[in-house]
Amino acid sequence: MDFLKKHYEIIAVAVALVLLTVSAIMLSLKVSASNTESGQAPHGGLRNEFVAHIDTASYSNAIESLKEPPLWTNTPSDLFYPVTVPTYSSSTNTNPTPTNGVPLILVTITRKPFKLLFKAYSYDADKGEGYNFQINFQFRDRTFFVRSAGDPIKDRFEDTGYRIVKFERKTTMVNDPSLGGQRQKDVSELTIQHEGEKPVVLVLLQETEEQEPVANVRCGPTGVEREYRRGQRIDCAGKSYKVVDIDPKQMVIVDTQTEVQQVIKPQQ
């Protein structure tokens, strides 16, 4: 008993150390067992198991596209696409020959789509008049906003040379399969005019043809096909000709030296 009384503190410290050591060992064993069951090594890393390969190409491509995003483009629809429809053609003739002793060959006569398109407008029902007319170029990204009839179609960057002469609001009934019947369609007309030329009528959202037809002419059977309009000059085989007139069936030319006028028709 005297021994215990004299060495009580030392014995208590020793017992505490033993208990602490046992507790540390038991805790370590539990942690090890827990890591083993969860598939992790004692140091916290993943077990050395096979990991399926992931294709990262799509992610890499997405990151690269964000660095250089594609430019926005306006793909034209069939309504606005510049298509020329031949009226008369000699394309079926594989060996066309000059006519009337003239070395020129008239390949086709076409009408080009008009360059301006009537896109939208606002309408004042009380006054019965339109305003804020939107007019676009068909074949390039360019828009004009014209305040009212009588104003020119231009802005501070570009002048088309045309002026709005008249606006007439029109509607018609058309069949609409999606509705199972008819519906009202806006076919309003905008009359525009270039100084010294005939007026041109633009129908809302509809393509208009140019008034003057275009002749596609070849100089000789092996010549390059080129477009010509009324008043233009054609040089071929050492001679010069002026286009006097073009209609859907023929082209009238005049020899600039002899002043002899001749009619050329498409070869069938």
Query raised in the report: Under a 1.4 angstrom probe, counting protein chains only, how are 19, 205 ranked by accessible area, largest first?
Result: 19, 205
Report summary line: The pairs in 115/170; 198/249; 119/242; 115/249; 170/198; 112/154 lying past 26 Å Cα-Cα in this model are 119/242
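Using a Förster radius of 22 Å, what is the FRET efficiency between residue 258 and residue 226 based on their Cβ-Cβ separation? Nearest 0.05, please.
0.45
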Report task. Specify whether the C-alpha gyration tensor of the stretch 168-217 places it in the rounded, prolate or oblate class, a ≥ b ≥ c being the square roots of the eigenvalues: rounded for a/c under 1.5, otherwise prolate if a/b is larger than b/c and oblate if not. Result -> oblate
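Mind checking the dipole of the stretch 154-268: about its Cα centre, +1 per Lys or Arg Cβ, -1 per Asp or Glu Cβ, Debye to the nearest 20? Don't skip to the end; give the middle numbers.
On the way: 18 positive and 20 negative charges, 25 e Å.
Using Cβ point charges on Lys, Arg, Asp and Glu, the stretch 154-268 gives about 120 debye.
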Query raised in the report: Heavy-atom accessible area of residue 189 with all protein chains present, probe 1.4 Å, nearest 10 Å²?
Result: 50
Query - log₁₀ of I(q)/I(0) at q = 0.10, 0.17, 0.19, 0.21 Å⁻¹ - the stretch 115-254, Debye sum with one point per alpha carbon - result: -0.52, -0.98, -1.09, -1.20
Report task. Could you order peptides 219-225, 9-15, 130-136 by the average number of other Cβ atoms within 10 Å of their residues, highest first? Result -> 130-136, 219-225, 9-15
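Can you pull the percent of the stretch 207-268's accessible area that's carbon plus sulfur, 1.4 Å probe, other chains left in place?
Carbon and sulfur: 44 percent of the exposed surface of the stretch 207-268.
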Query raised in the report: Once you have the alpha carbon radius of gyration of the stretch 171-268, what is it after dividing by 2.2 N^0.38 Å, with N set to its residue count?
Result: 1.65
Requested in this report: For the stretch 239-248, just list the computed ³J(HN,Hα) in residue order, Karplus coefficients 6.51, -1.76 and 1.60, θ = phi - 60°, integers in Hz, with x standing in for Gly and Pro.
Outcome: 10, 10, 10, 10, 7, 8, 7, 9, 10, x
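The values are calculated or read from the model by the stated rules, or taken from the named source; none is laboratory data. Keep in mind it's a predicted model, so treat the numbers as computed, not measured. Here Cβ is always computed from backbone atoms with ideal geometry, including for glycine, and neighbour counts include all displayed protein chains. These accessible areas exclude ligands, DNA and RNA; they are computed on the full protein's heavy atoms, side chains included. Shrake-Rupley method; radii C 1.70, N 1.55, O 1.52, S 1.80 Å.
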